[in-house]
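A.B. asks: Structure in structure tokens, see below.
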Ligand SMILES: Cc1ncc(C[n+]2csc(CCOP(=O)(O)OP(=O)(O)O)c2C)c(N)n1
Ligand SMILES: [Mg+2]
């Protein structure tokens, strides 16, 4: 991967109220370095509303609107129309929503924005649960994970359903550009943010953003765990431009998923046999991804 120097501009102020080691805080920071100062951000109810809007202050150095949780897609369509009417088509419109606000509550609104071909970038930062309200499971929580609504006690063994394939859903709408990003790989992150900012039309990011209190790991491990998510094949990094998929972090040999699972308290109850099942599933989906990349 080419080494880029991250632009020094900081559009996220220090002193905000994110937890130590917050993956979503890094996601916003890297994103805005890529989209630049002429950006408007729509943030629905999520951890990021708490991080950004301790009234009367704000953690962002640019305009932000606080959106109902289900309406991010609609709000960025409206912002785009309003800015175009004001002849401000150069302004980047960004929706910055959590996984719950995207794959569950805001899915219809996201679908509408993609289908209308809104010229905007929708970013889903995935901390894999409804974290702001107390670690409830979302459609994006991985199978087997402990959350407060998928407990581990008696017969209960964490979440019983697989993670929703949001990239598959988004790609069915044929966006001009969609990519997976990881806060643990900032150079890849920045390149994709800059690329998205250079394009017109509906664009989508799925960003892995580890959460120390929700995933139950020490706050100095965010980057280490983020890297393992990609290097084990659990969260591969790729981009799809006009239908053509390209893996942006090539991996010769996948690291064992055990290395990722064993360092997080939310998976502490998983047996060796259950981890082996995850390993097989990850290997199959990695092989399918490489096959898809090889298609002309
Ligand atoms: C319609 C509606 N239902 C529920 C809520 C309460 N609520 C506020 S933030 C939040 C959690 C959102 O989870 P996610 O989108 O994953 O963002 P995170 O908190 O993890 O950053 C919920 C359920 C709400 N604001 N509006
Ligand atoms: Mg979340």
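No value in this document is a laboratory result; all are computed from the given coordinates. Fair warning: this is a prediction, and the values are worked out from it, not measured in the lab. Neighbour counts are summed over all protein chains in view; Cβ atoms, including those assigned to glycine, are modelled from backbone coordinates with ideal geometry.
A.B. asks: Angle check, please: helix 23-35 long axis (alpha carbons) against the longest principal axis of the chain (alpha carbons), in degrees 0 to 90, nearest 10.
C.D. replies: Approximately 40 degrees, to the nearest ten.
A.B. asks: Going highest first, how would you order 176-188, 245-257 by mean Cβ packing within 10 Å?
C.D. replies: 176-188, 245-257
A.B. asks: Same structure, new question: Would you please put 62-72, 26-36 in order of how densely packed they are, using the mean number of other Cβ atoms within 10 angstrom per residue and starting with the highest?
C.D. replies: Details: 62-72: 19.1, 26-36: 22.7.
Going by the mean number of other Cβ atoms within 10 Å, highest first, we get 26-36, 62-72.
A.B. asks: How big is the equivalent ellipsoid of the range 23-294 along its three axes, where each semi-axis is √(5λ) from the Cα gyration tensor, reported in whole Å from largest to smallest?
C.D. replies: After diagonalising the Cα gyration tensor, the semi-axes are 30, 21, 16 Å.
A.B. asks: Note down, for the range 62-160, the three equivalent ellipsoid semi-axes (square root of 5 times each alpha carbon gyration tensor eigenvalue), biggest first, whole angstrom.
C.D. replies: Listed largest to smallest, the semi-axes of the range 62-160 are 34, 12, 9 Å.
A.B. asks: Cut-off 10 angstrom, C-alpha nodes, Gaussian network model of the chain. Which of 153, 115, 241 fluctuates the most?
C.D. replies: Per the Cα network of the chain with a 10 Å cutoff, 153 tops the list.
A.B. asks: Expressed as a whole percent, how much of the Cα-Cα distance distribution for the range 161-296 exceeds 26 Å?
C.D. replies: Result for the distance tail: 25 percent.
A.B. asks: OK, next. Per 0.36 nm of contour for each residue apart, how much would the distance between residue 90 and residue 17 grow if the chain were fully extended, relative to their Cα-Cα spacing?
C.D. replies: Taking residue 90 through residue 17 to full extension adds about 23.2 nm, to one decimal.
A.B. asks: Just report the Cα centroid separation between the range 140-162 and the range 19-41, whole Å.
C.D. replies: Each part's Cα centre sits 30 Å from the other's.
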